[in-house]
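> The structure's right below; bear with me while I get my questions together.
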Amino acid sequence: MRFILALTISLISGSSYGADCQPFQKSVHEKAVAGAKSIVFFASWCSSCLESIRKSDPKKSLYVAIYDEKSSAQEALDFALGDKISSASCVWDVEQVLGKRFGAKSLPFVFKKSPGVNTP
């Protein structure tokens, strides 16, 4: 409960963002998708998503915001990662391109790659 209260206060305060969630463009973001060890699909209003983000390694993960406004997604990611935000990569999946590609039907959804296996 304290986590949700702190998130609410953080979202209201309008803190600056550490990660800039850009709209997904295959030509721009495909390398980030291919290089990530895990892909974390999240929404700012999903407390379980924020917990998954907090437990993840931003150096090895790509964060994909779905079902969300860009500013809310950025604030939630900034809050969940705290001082680890500077090494985070985020994509705003406005048209659900990545969500459909990886089969994200519920949140949080974490796709973990196996060594030597190509992504869908």
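The values are calculated or read from the model by the stated rules, or taken from the named source; none is laboratory data. Quick caveat: nothing in here was measured; it's all calculated off a predicted structure. Using ideal geometry, Cβ is built from the backbone for each residue, glycine included, and neighbour counts are taken over all protein chains shown.
> Can you tell me which residue is nearest to the chain's Cα centre (by Cα) among those in the range 39-69 that are at pLDDT below 95 and under 19 Å from LYS100 (Cβ atoms)?
Among them, the one singled out is ILE66.
> Can you name the residue in the range 86-103 that is part of a loop (DSSP other than H, G, I, E, B) and either among the β-branched types (Val, Ile, Thr) or out of contact with any helix residue (DSSP H, G or I) (no Cβ under 9 Å at 6 or more places or on another chain) (or both) and is also nearest to ILE39 (Cα to Cα) among such residues?
Looking only at the range 86-103, we keep the residues that are part of a loop (DSSP other than H, G, I, E, B), and these are 88, 93-96, 103.
Now drop any that are not either among the β-branched types (Val, Ile, Thr) or out of contact with any helix residue (DSSP H, G or I) (no Cβ under 9 Å at 6 or more places or on another chain) (or both), which leaves 94-96, 103.
On the way: VAL94: 16, GLU95: 17, GLN96: 14, GLY103: 12 Å.
Per the criteria, the residue is GLY103.
> Scan the range 94-106 and report the pairs whose first residue is within 16 Å of CYS46 (Cα to Cα) and whose second residue is among the hydroxyl-bearing types (Ser, Thr, Tyr) and surrounded by 13 or more Cβ atoms within 10 Å (Cβ to Cβ), with Cβ atoms within less than 7 Å and a gap of 6+ or a chain change.
none
> So in the range 32-55, with the set limited to residues that are within 12 Å of VAL110 (Cα to Cα) and of a type in the set (Ser, Thr, Tyr), which one is surrounded by the fewest Cβ atoms within 10 Å (Cβ to Cβ)?
Result: SER48.
> Filter the range 1-32 down to residues that are at pLDDT 50 or above and among the aliphatic types (A, V, I, L, M), then give me how many there are.
Total satisfying the criteria: 5.
> State the number of residues belonging to the range 44-73 that are over 14 Å from GLU95 (Cα atoms) and not in a helix (DSSP H, G or I). Walk me through how you get there before you give the answer.
Looking only at the range 44-73, we keep the residues that are over 14 Å from GLU95 (Cα atoms), and these are 44-63, 71-73.
Checking the rest, the ones that are also not in a helix (DSSP H, G or I) come to 44-46, 56-63.
Residues flagged as over 14 Å from GLU95 (Cα atoms) and not in a helix (DSSP H, G or I) within the range 44-73 amount to 11.
> Given the structure, is GLY35 modelled with pLDDT under 95 and on the phi > 0 side of the Ramachandran plot?
Against the criterion (modelled with pLDDT under 95 and on the phi > 0 side of the Ramachandran plot), GLY35 does not qualify.
> State all residues of the range 95-107 that are out of contact with any Asp or Glu (no Cβ under 8 Å at 6 or more places or on another chain) and either surrounded by 13 or more Cβ atoms within 10 Å (Cβ to Cβ) or of a type in the set (Lys, Arg) (or both); if no residue qualifies, say none.
Within the range 95-107, GLN96, VAL97, LEU98, LYS100, ARG101, PHE102, ALA104, LYS105, LEU107 qualify.
> Now, a different point. Within the range 69-91, can you find the residues that are surrounded by fewer than 23 Cβ atoms within 10 Å (Cβ to Cβ) and under 18 Å from SER106 (Cα atoms)?
Once the filter is applied, which keeps residues that are surrounded by fewer than 23 Cβ atoms within 10 Å (Cβ to Cβ) and under 18 Å from SER106 (Cα atoms), the range 69-91 yields only GLU69.
> Taking the range 104-114, which residues are in a strand (DSSP E or B) and either within 12 Å of the chain's Cα centre (by Cα) or among the hydrophobic types (A, V, I, L, M, F, W, C) (or both)?
Step one: of the range 104-114, the residues in a strand (DSSP E or B) are 109-112.
Selection gives PHE109, VAL110, PHE111.
> Could you list, in sequence order, the residues of the range 86-103 that are of a type in the set (Val, Ile, Thr) and within 11 Å of the chain's Cα centre (by Cα)?
Hit for the range 86-103 is VAL91, nothing else.
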